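One structure is given below, encoded as structure tokens.
The values are calculated or read from the model by the stated rules, or taken from the named source; none is laboratory data. What you see is a predicted model, and the numbers here were worked out from it, not measured in a lab. Glycine gets a Cβ as well: all are built from the backbone with ideal geometry, and neighbour counts include every protein chain shown. Quick note on the areas: whole protein, heavy atoms, side chains included, nothing else; ligands and nucleic acids left out. Shrake-Rupley method; radii C 1.70, N 1.55, O 1.52, S 1.80 Å.
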Amino acid sequence: MNSKTLIAGLVAAFALNLCGGAADAACISDPPAQPDATFPAGTLTGKLVYHSYVNYGDGTSQLFLYDFSAHTLTQLSKSAWGITDPMNAVFSPDGKWLTFMGVSNDAWNVFMYQLGTRNLPVNMTNSTGTTRNEDPKFSADGKTLVFKQNGNVMQATLSYTSAGPVFTSVVSLSNAPAGGEYSMPFLAPDASAVYYATGTGANMGLMKRTIATGVTAVFDHPAGLQTYYPIVRADGMVFYARWKDSSQLDQIYEKTAAPASTPNQLALNDCVSNNSDPSPVSGTNYLFFSSTTAGGYQLYVGDVTTGQRWSLSQFGVNADTTKAKLGSSYYGGPAANQTMLLSQGHPASASASYNATLTPDKAFDGNTTTTRWDSPEGLGVDPQWLSVDLGAVKNISSIDLYWDAGALVYQIQTSNDNVNWTTIYATSTGVAWGHVTLPNLNGRGRYVRMYGTKRATPWGYSLDEMQVWGS
């Protein structure tokens, strides 16, 4: 190795060490916004939700939605909600719901709000007093929420009933020690791991925990540099905010899912301002974020690759300069093969029903607890089946069965014509009652049915709800 090569290597190593192991891109001091006319309007045609406040926790926070196609800016939150400081809203994968945090009953709670309706937000946690429920995020399939509860990372299974969404189970993913502070969780796209911040202040770092094994690895935790707010793009790339150096200015970094990989400081950062709350647009190089380049926090969209950035001022988003705009979330429409609930409210049929009130439509009405389909009881009545018409041929990825009285032996079958059936799942060890999830079905069809041949109880087959998921 010649002397020039050696010196260059030492300089590079020294620079890498200074930035806490990060391979820094060339950020720019006070970078200019790109001209409004060059805004990537052809790509960004979806909706953006964010919150705006004077100071955190001062009661001024409100939720806003900008629709890039309709060119409309709307304040979503209303005094009728009875929620103080709604913030950090995130779209569900199908774009129909928002989850957010806010104060109700003197406590931070997690809420869900159905867009396009006059329904009030649903308080999912119903805590009072000092309990804190914060930072909710949907899983990629929309079936669960992860959130922080009193310093612990929780995962809640969602069920959509006629009365609104409910949690059917809530479990801890992190088992934080007494006095621990785990926050801002975000699931990997395949839900195999959860990323979260640990600690407070300058000691805040990022962790990655494999859910099945509980193995936890340090994802990025440079000494003395606060690291927080992980967001995972659909391809698994992780974006987050971190102090650039001892100046304590927030910069946005990206990193692959491997904990040992090198962080990359994005070129869209303003070196002399705070840049935070990244919100990547899956399938593109664009990322929404907040920056103090123009004074207080304003919203921008940047190109992760080129470092170009556009202010959202042209859309009226940054008009009120007295308030910070933070916590953005973007929905661009259903992605290819996006997992969605396909069956709710669709036409249903059955081999028979126990009576005129326990009919097949009750198993697809969204109510998992108080309405149901029952088949006849007694000897010689098997087999019995329950079917739903999805309206078109769909890809079937999973099914949730909410048994009131179960099947010991049954099959899940699909059909394109309601005559010829293909079995995509079969078991001879079914349960007597309870919630059963059948994942990884890899089926396809317009019609989907549960075909029972042996009951698990003395009663008929009884399903409170049958949820078919797919795309």
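Pull out a ≥ b ≥ c, the square roots of the eigenvalues of the alpha-carbon gyration tensor of the chain, then state rounded if a/c is under 1.5, prolate if not and a/b is larger than b/c, and oblate in the remaining case.
Details: a/c = 2.10, a/b = 1.86, b/c = 1.13.
Prolate, since a/c reaches 1.5 and a/b exceeds b/c.
For the cross-link pairs 47/255; 208/244; 47/394; 255/323; 137/323; 47/362, which exceed 29 Å when the distance is taken from alpha carbon to alpha carbon?
255/323; 47/362
Share of region 342-465's accessible area from carbon and sulfur, percent, 1.4 Å?
Carbon with sulfur: 50 percent of the solvent-accessible area.
Rounded, prolate or oblate: which one fits region 100-146, using the alpha carbon gyration tensor with axes a ≥ b ≥ c (rounded when a/c is under 1.5, else prolate when a/b beats b/c, else oblate)?
Here region 100-146 falls in the oblate category.
Which order do the peptides 341-350, 80-89, 399-408 come out in when sorted by mean C-beta neighbours inside 10 angstrom, highest first?
The densest-packed peptide leads the list: 399-408, 80-89, 341-350.
Which net charge results when you count Lys and Arg as +1 and Asp and Glu as -1 among the other residues whose beta-carbon is under 14 Å from that of residue 107?
Once positives and negatives cancel, what remains is -1.
Given a Förster distance of 30 angstrom, what is the FRET efficiency for residue 169 paired with residue 55, based on the Cβ-Cβ distance and rounded to 0.05?
Efficiency, from the Cβ-Cβ distance: 0.25.
Just the accessible area per residue of the chain, please: how many Å² with a 1.4 Å probe?
42
At 7 Å along Cα-to-Cβ for each site, give me the label-to-label distance between residue 446 and residue 321 in nm.
Using points 7 Å along Cα→Cβ, the separation is 6.0 nm.
With the cut-off at 1.5 for a/c, could you classify region 204-355 from its C-alpha gyration tensor as rounded, prolate or oblate?
Because a/c hits 1.5 or more and a/b fails to exceed b/c, region 204-355 counts as oblate.
Determine which aspartates and glutamates satisfy two conditions relative to residue 143: a Cα distance under 20 Å, and not lying fewer than 8 residues away in the same chain.
Qualifying aspartates and glutamates at Cα under 20 Å: 94, 134, 135, 190, 235, 365, 400, 464, 465.
Give me the percent relative contact order of region 269-394, please, defined on Cα pairs under 8 angstrom at least 6 residues apart. Working shown, then result.
Details: 192 pairs, mean separation 21.4, N = 126.
After rounding, I find 17 percent.
Order of 38-44, 105-111 by packing, highest average Cβ count within 10 Å first?
The densest-packed peptide leads the list: 105-111, 38-44.
Can you compute the FRET efficiency between residue 417 and residue 74 using 1/(1 + (r/R0)^6), with r the Cβ-Cβ distance and R0 = 45 Å? Round to the nearest 0.05.
Here the calculated transfer efficiency is 0.50.
I want the antiparallel fraction of DSSP beta bridges within the chain, as a percent rounded to 5.
So the antiparallel bridges amount to about 95 percent of the total.
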